[in-house]
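Before any comments, here is the structure.
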Amino acid sequence: MSVDEKTVRKVAKLARLAVPEERLAPMAGELNKILAWVEQLGELDIKNVEPMTSVAKMRLMRRADVVNDGNIADDLMKNAPNAIDNYFTVPKVVE
Amino acid sequence: MSDLATLTLAGARDALRRKKISSRELTTSFIKEVEGARGLNAFVTETPELALDMATRADARLSRGEAGILEGVPLGIKDLFCTKGVKTTAGSKILGNFVPTYESTVTRQMFDAGAVMLGKLNMDEFAMGSSNETSAWGPVISPWRRKGSNTPLVPGGSSGGSAAAVSARLCLGATGTDTGGSIRQPAAVAGITGIKPTYGRCSRWGIVAFASSLDQAGPMAHTVRDCAIMLQAMSGHDPKDSTSAPIAVPDFEAAIGKGVKGMRVGIPKEYRLDGMPSEIEALWAQGIAWMKDAGAEVIDVSLPHTKYALPAYYIVAPAEASSNLARYDGVRYGLRVNGDDVIDLYEKSRAAGFGREVQRRILIGTYVLSAGYYDAYYLRAQKIRTLIARDFEQAFEKCDMLLTPTSPSPAFGIGEKTDDPISMYLNDVFTVTVNLAGLPGISVPAGVNNEGLPLGLQLIGRAFDEATLFRAGQVIEDAAAFKARPDSWWK
C-alpha cells in the first residue's frame, strides 16, 4: 500500500493539520518510506492471534460514580489563548 | 562542601541526614552548575528561587528529623511532567506558554518526599525522537565528545536533557519517560543509569501523553542505588490513572547487594544483529562474563518476533499519538492561530504548533487508524504485540532476567541522522520490545568505545520485578567500575 498526494490531503484533513500544497508530495514520500518499512509485518501468520488490548494483566480499576473534582473554572480558563469571561471562544460556527 | 564531581544521590541523602551539609548549600551549588552549563541547552526552564525555597523547607524538615526519601536532594524534571505554576512545554511550541494549574502525580510524590526541583529539562518534542533534535527549543548538546574531537554529539532521546543534566552533574538525578527507549537509550549513550519500570508502576497522571499504552516514567541518575531511591518515591498506585497498578511497592534499595548467585540470565539470540558494531558485541560478551563471574547461570533464549517489534511500534505509537494529540486545537489551551472558521483555526494552530516529526507521526497514526486500513495496520500490529509479549513470557519460564546491549551504537553527531527517520528509529531496536510487552528494563553504563564514548548494557525483567534489575544492575555497576567522565568543556 502506498499513499499519494490525494491521500495525504485527506489524512491531513482528518488530522486537522494544514499541510501546504508544496509539502504534500514530499510528505507522501516520507510516509511511503515508513509504510514500506512496516510492510514486513505482513510476513507473519496472525490468523489465530488475539490483539493485545491491555498491556498490564489486570482488570481495569473501577471507581465510585461520584463527583470528586470540580469548581475549578478559573483554573481551567487560565491557559485559554482567547477567553472571554469564563468562555472559550471560536470563530462563528452558526449564522 | 561535598565534591559535586563525585557526589551521588545516595551520598547526598546520607550527608543531608547527618547534617554534614544543608539542602540550601547543596542546592546553591547545583544552581551555579546549571547556570554555568547553559551551552548544553539541557534545561529549558530554570527555577532557582523555587529550588531555594524548597531547599529551605527541606532543611526545616531535616532538622525536625522528618526527612522523606528524597529530602533536600536537587533534581531535574523532564518537561513532560506537569508542574504546578511552572511552565511545561513537552518540547513543543504548541505548549510554549502552558503553565499547569496542577501537579503530576509522580512529581507530587517526589516533592512530598522532599525533592528539590532545579528546573525543567529539554526533550524531543512530545517525547518523539532518539536524539533530542526534535525539541522546539533546540537540541541538547551532550557533555560527551569523541576523543580529540569537538564535534557536538547528541545526548540520546527523548529524555536527552535529563541524560545530559545528570551526566554533566547539573543535578543528582532526573525524571525521564520511556515510550520506546527514551530513558534507557539516552542513559546508555550519556554514561548514566536509567530504569523504565513496569507499565503501571508509576502513575501517568499529569504527564503529557504520547502513546498511552507504552508511556512510563522512571528515574535517571548516576548509580543503580540512586535510581532505586528515586523510583521508590515515584512509584505507587494512583486512582487518577486507571492503568496504574494497585500493587505494593517493595523496598527497591534493599534489593541492592544481594547479588545474582544462582539466578538465571537469558541471552536472546535475536538481539545479535547483522552488522552490529564489534564494540557493542564485545561489551555484551563482557557483560555475560561479569554475570558468570558473579555466580549467575547464563543461558541462551529465543525471542523469535524481535525483528517485528520496531515496525509494530511505529504503527501503535503514532496511532495512539494521533489520538492523544487531538486535544491540541488552539481553543482551550496552547498555541492558537486564528482562522476563517473553526476548522481553519484548528488546522492552522496545529500546523504552526507541531514540529515536523510530530506532524509526520500524527499523519501516519491517522492513516493507520483510518477506515479501510485499521485491520491491515493497527489490528495487525496489536496482534504482533501479543506475540512479542508471549516471546518474553516463554523466555521467563527459563530465566529470571535478560541481558542485552541498550543501544546499537554510541552517541552520534548532531544532524547526522535527521534526514532519515528510519535510521533514527533504529536507535530503539533493543529497547522498544520492552515497552510493547510492558516490562521493566534498566540500562547501566558498562564501558566506553575506542573514541571514549559510553556504552550501556540493558537488563530486562519480569513484570513488577524491578527488584531483580536493581540487584543485577548493581553487579554490572560493580564489575564495570565505570569511572569515565566527560571533560567539563562547557564551563
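Within segment B:145-166, being open to solvent by less than 10 Å² (accessible area, probe 1.4 Å) and either without any contact (Cβ under 8 Å) to a residue 12 or more places away in the chain or not β-branched (Val, Ile, Thr) (or both) holds for B:LEU153, B:PRO155, B:GLY156, B:GLY157, B:SER158, B:SER159, B:GLY160, B:GLY161, B:SER162, B:ALA163, B:ALA164, B:ALA165.
Checking A:VAL93, A:VAL11 one by one, the residue that is of a type in the set (Val, Ile, Thr), in a helix (DSSP H, G or I) and in contact with a helix residue (DSSP H, G or I) (Cβ under 8 Å, 6 or more places away or on another chain) is A:VAL11 and no other.
Selection of segment B:211-247 for residues being more than 14 Å from chain A (Cβ to nearest Cβ) and over 16 Å from B:ILE442 (Cα atoms) yields only B:ALA233. Take segment B:379-408 and flag every residue that is in contact with a Leu (Cβ under 6 Å, 6 or more places away or on another chain) and farther than 26 Å from B:GLY275 by Cα. The one that is in contact with a Leu (Cβ under 6 Å, 6 or more places away or on another chain) and farther than 26 Å from B:GLY275 by Cα: B:ARG380. Applying the condition of being facing another protein chain (nearest Cβ under 7 Å) and in a loop (DSSP other than H, G, I, E, B) to segment B:341-375 and asking which residue is least open to solvent (accessible area, probe 1.4 Å) yields B:SER370. Only a single criterion out of (1) more than 18 Å from B:MET110 (Cβ to Cβ); (2) more than 14 Å from chain A (Cβ to nearest Cβ) is not satisfied by B:THR179, namely (2). Considering segment A:1-29, the residues that are within 19 Å of the chain's Cα centre (by Cα) and of a type outside the set (A, V, I, L, M) include one that is nearest to the other protein chains (Cβ to nearest Cβ), namely A:ARG16.
Listed by first and then second residue, the pairs with beta-carbon distance under 9 Å, at least 6 apart or on different chains, first residue in segment B:191-216 and under 14 Å from B:THR105 (Cα atoms), second of a type in the set (Phe, Trp, Tyr) and open to solvent by less than 10 Å² (accessible area, probe 1.4 Å), are B:GLY206/B:PHE81; B:ILE207/B:PHE81; B:VAL208/B:PHE81; B:VAL208/B:PHE126; B:ALA209/B:PHE126.
Quick one: which of B:ASP238, B:ASP251 is within 23 Å of the chain's Cα centre (by Cα), within 28 Å of B:LEU172 (Cα to Cα) and open to solvent by less than 40 Å² (accessible area, probe 1.4 Å)? Within the list B:ASP238, B:ASP251, the selection yields B:ASP238.
Just so you know, in segment B:41-85 the residues that are touching a Pro at 6+ places or on another chain (Cβ under 7 Å) and free of Cβ contacts under 8 Å to residues at least 40 places away in the same chain include one that is farthest from B:ILE141 (Cα to Cα), and it is B:LYS84.
Considering only segment B:392-420, state which residues are open to solvent by 10 Å² or more (accessible area, probe 1.4 Å) and not in a loop (DSSP other than H, G, I, E, B). Hits for segment B:392-420 are B:GLU393, B:GLN394.
The set of residues in segment B:61-112 being open to solvent by less than 20 Å² (accessible area, probe 1.4 Å) and assigned to a helix (DSSP H, G or I) consists of B:LEU62, B:ILE94, B:LEU95, B:THR105, B:VAL106, B:THR107, B:MET110. Close contacts from segment A:34-45, counting a first residue that is under 13 Å from B:ALA376 (Cβ atoms) and a second that is open to solvent by 30 Å² or more (accessible area, probe 1.4 Å) and of a type in the set (Lys, Arg), with Cβ to Cβ under 7 Å and a gap of 6+ residues or different chains, come to A:LEU41/B:ARG380. Say we look at segment B:318-336 and pick out the residues that are over 19 Å from B:TYR378 (Cα atoms) and at the interface with chain A (Cβ under 9 Å from one of its Cβ atoms); which of these is most open to solvent (accessible area, probe 1.4 Å)? The qualifying residue most open to solvent (accessible area, probe 1.4 Å) is B:ARG332.
Quick one: count up the residues across segment B:307-317 that are within 7 Å of chain A (Cβ to nearest Cβ) and among the aliphatic types (A, V, I, L, M). So the count comes out to 2. Please go through (1) free of Cβ contacts under 8 Å to residues at least 12 places away in the same chain; (2) in a loop (DSSP other than H, G, I, E, B) for B:PRO250 and return the number of the only condition it doesn't satisfy. Only one criterion in (1) free of Cβ contacts under 8 Å to residues at least 12 places away in the same chain; (2) in a loop (DSSP other than H, G, I, E, B) is unmet by B:PRO250, namely (1). If you go through segment A:32-72 and keep only what is assigned to a loop (DSSP other than H, G, I, E, B), facing another protein chain (nearest Cβ under 9 Å) and open to solvent by less than 90 Å² (accessible area, probe 1.4 Å), you end up with A:LEU44, A:ILE46, A:VAL49, A:PRO51, A:MET52, A:SER54, A:VAL55, A:ALA56, A:MET58, A:MET61, A:ILE72. With respect to (1) assigned to a loop (DSSP other than H, G, I, E, B); (2) within 14 Å of chain A (Cβ to nearest Cβ); (3) surrounded by 24 or more Cβ atoms within 10 Å (Cβ to Cβ), the lone exception for B:THR433 is condition (1). It is to be established whether one or more residues within segment B:34-50 are surrounded by 15 or more Cβ atoms within 10 Å (Cβ to Cβ) and farther than 30 Å from B:ILE414 by Cβ. Scanning segment B:34-50 turns up at least one residue that is surrounded by 15 or more Cβ atoms within 10 Å (Cβ to Cβ) and farther than 30 Å from B:ILE414 by Cβ. Here B:ALA5 fulfils each of the conditions (1) surrounded by fewer than 19 Cβ atoms within 10 Å (Cβ to Cβ); (2) modelled with pLDDT of 95 or more apart from (2). When B:ALA317, B:ALA352 are screened for being at negative phi and under 27 Å from the mean Cα position of the chain (by Cα), only B:ALA317 passes. From the list B:LEU403, B:LEU387, B:LEU369, the one residue that fits, being of a type in the set (A, V, I, L, M, F, W, C) and touching a strand residue (DSSP E or B) at 6+ places or on another chain (Cβ under 7 Å), is B:LEU403. Residues of segment B:255-275 that are touching a residue at least 40 places away in the same chain (Cβ under 8 Å) and either assigned to a strand (DSSP E or B) or farther than 19 Å from B:TRP290 by Cβ (or both): B:ARG264, B:VAL265, B:GLY266, B:ILE267, B:PRO268, B:LEU273.
The values are calculated or read from the model by the stated rules, or taken from the named source; none is laboratory data. No experiment lies behind these values; they were computed from the predicted model shown. In this analysis, Cβ positions are derived from the backbone assuming ideal geometry, glycine residues included, and neighbour counts consider all displayed protein chains. Surface areas here come from the heavy atoms of the whole protein model, side chains and all, with no ligands, DNA or RNA. Shrake-Rupley method; radii C 1.70, N 1.55, O 1.52, S 1.80 Å.
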